[in-house]
Amino acid sequence: MSSASPTSPTPTNSPPPFVEHAGGFVAFVGAGPGDENLLTLRGAALLGKADAVVLDRAAFGALLRHARPDVEVIDVTDDDPAPLGAVKAAKGGRRVVRLCPGDPMFFSSISEEVAACAKGEVDFEIVPGVPPATAVLAYAGIPAAASGPEFRVVDAGLVDDWSVHAATAGTLVIYNAGGDTVSVGKALVAAGRPDTTPVAVTGAGTTTEQTTVASTLGRLGPDLKHTVIDEPSLMVVGEAVTLRDSLSWFETKPLFGWRVLVPRTKEQSARLVEQLRSYGAVPEEVPTISVEPPRTPQQMDRAIKGLVTGRYEWVAFTSGNAVKAVREKFEEYGLDARAFAGLKVAAVGEATARALVDFGVRPDLVPTGQQSSEGLLAEWPPYDSMLDPINRVLLPRADIATETLVAGLTELGWECDDVTAYRTVRAAPPPAPIREAIKGGGFDAVLFTSSSTVRNLVGIAGKPHNVTVIAAIGPQTVRTAEEFGLRVDVMADRPSASALAAALAEYGAKQRQAAVAAGETPRRPSQTRRGARRRAK
């Protein structure tokens, strides 16, 4: 067996730990270009151990998910561009992370803060980040070095003479052109660059607000005239821009930039939200139902005791909330999934089955067809006294559950203990801006995963605007939506939230393809309402 020599460094794949310093520590961490998923592993590790974080919360607040819940947040303001709070906190022996846009050493303004650390004899570390110069181009579908041997990055605010940069034999990336973008284009032409040279301007790069306008130096002004370009923006000049049509992948996602309302809680919608984000959407959870314990716990207490003592042959779960309610009762009594040994377990659908598997229980029966009470009954075996020593089924359900399942199981010869495991009550109304967006067409789509989500959303927030795409999980939910005067545009091919999201993505893709085929700029549903500002994608 070989071994490393005493002087050999020990290899490791994990980021180096914080080094404790008597005078504290400041890490200047590159936050990347905007997409929160482009933070480096080292940056995330430092955030996870920080006592204080200094950042522009409006721009990088999403990155606080990597930090401890009790971390102190020092928000940077325009009045205090170089906060000395980091130095002060570090002098008190605290571990501080200063989040910086892009890469801290790439056209950054942190030099004063670094100097303050050095002057105050505070140890510091600089963690590189993903710079917009490469990341925004990648997200815009523009290969950085495809048009020649040179890749040049300049800050427009520091350039007095554009003649040197106009002669660039490759791709020219320009930071901080902002409102002077057209003037910069004219200056490049005046300095000798042909007015037919391809150029692209991208605003809010790598985020779901990203907008790119591709043009030429000669037509840049007219092409930008009717388009809003959000800051920060980036200007790219060179033949590489012509490859955008074939390499664009981010802005062409089927639901790119769509603001999608998900009327479920964060716990219920975690997988759904991730799926929607993969399609380029911006999901927003608005709970319409609040799940609460039963008014009297004795019924559930007796059911759990019966489950442990062998009273039941089957336990049927009709929702993830039912699984959660039973799991919490188990934890209360010091039980775990082993208590299900010898029992047969049924789940009404895929989502409920996943909740059971997370609990450590693999269901014996999940409908292969319709994922509903009817689908479960269609595959439930009739009671057979020769095969089943016990003919009783436990149904831990909501207080408003229908009688369909109980009636069907009774017809099959089973006796049911229909137990209230939790109560569902209408959630409180969402904040006023959300209600206004729902009624005013600020959302591009809403996903209704049950009839109750339709009734409750309308009850607490009002009817969605007629430009909003309505997606419903199945025929019953469609009927309920139509009863409220809503036009249903999308229905899932099977009753699951995942299938519903996929159906919405397919709808969005077809809308985009139709617009492109007609020679039009694809627009989100919310952009078609009167008064909506127009963007080019």
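The values are calculated or read from the model by the stated rules, or taken from the named source; none is laboratory data. Note that the structure is a prediction, hence the values are computed from the model and not measured. As a convention, Cβ positions derive from the backbone with ideal geometry for all residues, glycine included, and neighbour counts pool all protein chains shown. Surface accessibility is based on the protein's heavy atoms, side chains included, excluding ligands, DNA and RNA. Shrake-Rupley method; radii C 1.70, N 1.55, O 1.52, S 1.80 Å.
Can you find even one residue in segment 58-69 that is open to solvent by 70 Å² or more (accessible area, probe 1.4 Å) and touching a strand residue (DSSP E or B) at 6+ places or on another chain (Cβ under 7 Å)? No - not one qualifying residue is present in segment 58-69. Could we say that THR196 is polar (S, T, N, Q), open to solvent by 60 Å² or more (accessible area, probe 1.4 Å) and not in a strand (DSSP E or B) here? Yes.
Criterion first (open to solvent by less than 30 Å² (accessible area, probe 1.4 Å) and in a loop (DSSP other than H, G, I, E, B)) does PRO381 satisfy it? Against the criterion (open to solvent by less than 30 Å² (accessible area, probe 1.4 Å) and in a loop (DSSP other than H, G, I, E, B)), PRO381 does not qualify.
Looking at segment 340-358, is at least one residue over 29 Å from the mean Cα position of the chain (by Cα), among the polar types (S, T, N, Q) and under 25 Å from THR404 (Cα atoms)? Spell out how you get there, then give the answer.
Here is the first cut: in segment 340-358, the ones over 29 Å from the mean Cα position of the chain (by Cα) are 340-346.
Filter once more, so that each one left must be among the polar types (S, T, N, Q): none.
No, the conditions are met nowhere in segment 340-358.
Beta carbons closer than 7 Å, at least 6 apart along the sequence or on distinct chains, pair a first residue in segment 518-537 that is buried (at least 17 other Cβ atoms within 10 Å of the Cβ) with a second that is modelled with pLDDT under 60 and assigned to a loop (DSSP other than H, G, I, E, B) for PRO522/LYS537; SER526/ALA532; GLN527/ARG534; GLN527/ARG535.
Restricting attention to segment 483-491, does a residue exist that is closer than 27 Å to THR368 by Cα, among the aromatic types (Phe, Trp, Tyr) and touching a residue at least 12 places away in the same chain (Cβ under 8 Å)? Within segment 483-491, none of the residues are closer than 27 Å to THR368 by Cα, among the aromatic types (Phe, Trp, Tyr) and touching a residue at least 12 places away in the same chain (Cβ under 8 Å).
Is it fair to say GLY24 is of a type outside the set (D, E, K, R) and either open to solvent by 10 Å² or more (accessible area, probe 1.4 Å) or modelled with pLDDT of 90 or more (or both)? Judged against the criteria, GLY24 is not a match. Can you tell me which residues in segment 440-467 are closer than 22 Å to ALA322 by Cβ and either among the acidic types (Asp, Glu) or touching a residue at least 40 places away in the same chain (Cβ under 8 Å) (or both)? Selection gives LEU447, PHE448, THR449, SER452, THR453, ASN456. Restricting the first member to segment 246-260 and to residues that are on the phi > 0 side of the Ramachandran plot, and the second to residues that are among the aliphatic types (A, V, I, L, M), the beta-carbon pairs closer than 9 Å and six or more apart or on different chains are GLY257/ALA281; GLY257/VAL282. Of LYS186, LYS253, all but one fail to be assigned to a loop (DSSP other than H, G, I, E, B) and among the basic types (Lys, Arg); the exception is LYS253. Selection within segment 401-419: residues that are assigned to a loop (DSSP other than H, G, I, E, B), open to solvent by 20 Å² or more (accessible area, probe 1.4 Å) and modelled with pLDDT of 90 or more. The member of this set that is farthest from VAL469 (Cα to Cα) is GLY413.
Given (1) in contact (Cβ under 8 Å) with a residue 40 or more places away in the chain; (2) under 21 Å from the mean Cα position of the chain (by Cα), identify the lone condition not met by ILE470. Going through the list (1) in contact (Cβ under 8 Å) with a residue 40 or more places away in the chain; (2) under 21 Å from the mean Cα position of the chain (by Cα), ILE470 breaks only (1).
For segment 244-286, a tally of residues being open to solvent by 40 Å² or more (accessible area, probe 1.4 Å) and either out of contact with any Pro (no Cβ under 7 Å at 6 or more places or on another chain) or aliphatic (A, V, I, L, M) (or both) returns 17. Filter segment 420-439 down to the residues that are part of a helix (DSSP H, G or I) and free of Cβ contacts under 8 Å to residues at least 60 places away in the same chain, then identify the one that is least open to solvent (accessible area, probe 1.4 Å). Checked segment 420-439; the qualifying residue least open to solvent (accessible area, probe 1.4 Å) is ALA432. Report whether or not THR453 is crowded, with 22+ Cβ neighbours inside 10 Å and out of contact with any strand residue (DSSP E or B) (no Cβ under 7 Å at 6 or more places or on another chain). Yes. Filtering segment 295-354 to residues that are exposed (fewer than 14 other Cβ atoms within 10 Å of the Cβ) and basic (Lys, Arg) leaves ARG295, ARG302, LYS305, ARG338.
For SER498, the conditions (1) loosely packed, with under 15 Cβ neighbours inside 10 Å; (2) over 25 Å from the mean Cα position of the chain (by Cα) all hold with the exception of (2). Counting residues in segment 231-243 that are among the hydroxyl-bearing types (Ser, Thr, Tyr) and out of contact with any helix residue (DSSP H, G or I) (no Cβ under 9 Å at 6 or more places or on another chain) gives one or more. In the set PHE448, PHE443, only one residue is within 26 Å of the chain's Cα centre (by Cα), aromatic (Phe, Trp, Tyr) and under 20 Å from ARG271 (Cβ atoms); that residue is PHE448. Scanning segment 138-148 for residues that are under 22 Å from the mean Cα position of the chain (by Cα) and touching a residue at least 12 places away in the same chain (Cβ under 8 Å) turns up TYR139, ALA140, GLY141. When segment 451-490 is filtered for residues that are among the small types (Gly, Ala, Ser) and either within 20 Å of PRO283 (Cβ to Cβ) or not in a helix (DSSP H, G or I) (or both), the ones remaining, listed by number, are SER452, ALA461, GLY462, ALA471, ALA472, GLY474, ALA481, GLY485.
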